[in-house]
Amino acid sequence: GTATCTGFGIPWSEENDSKGTDCKIVFDRSSAHFKDAVTPVDVKVSYAITYTATDGATGTMDTHTTSTTTTIPVAEIQVINTQPTKQP
């Protein structure tokens with residue numbers, strides 16, 4: 001999958017799960033076919049840095065980029081959507 005982000009997202013927790021996030025990855029298949037049944041995920045974040053000092057000085061710094069690789073299990077859910085019918 002490819003990440004779609006409009007911000008930094010929020011850290012995952014059971015409490016935050018229902019809030020959703022502004023950073024999502026949609027996978028098109030489960031990770032059952034991979035070694036150890038996990039999908040490798042490469043994460044790379046770049047920061048554009050500007051600053052304002054207490055004496056009023058302002059400026060920019062070089063872009064800072066950090067990256068890491070992690071693995072996550074991706075489960076698969078199959079559903080059938082049906083049209084509701086009127087009950088007798």
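Just so it is clear, none of the values below were taken in a lab; they were calculated from the coordinates. Since this is a predicted model, take the numbers as computed values, not measurements. Neighbour counts are summed over all protein chains in view; Cβ atoms, including those assigned to glycine, are modelled from backbone coordinates with ideal geometry.
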Mind checking the dipole of the chain: about its Cα centre, +1 per Lys or Arg Cβ, -1 per Asp or Glu Cβ, Debye to the nearest 20? 380 debye
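Tally Lys and Arg at +1 and Asp and Glu at -1 over the other residues with C-beta under 10 Å from the C-beta of V74: what net charge comes out? Working shown, then result.
Numbers: positive: R29; negative: D28, E76.
Local charge sum for V74: -1.
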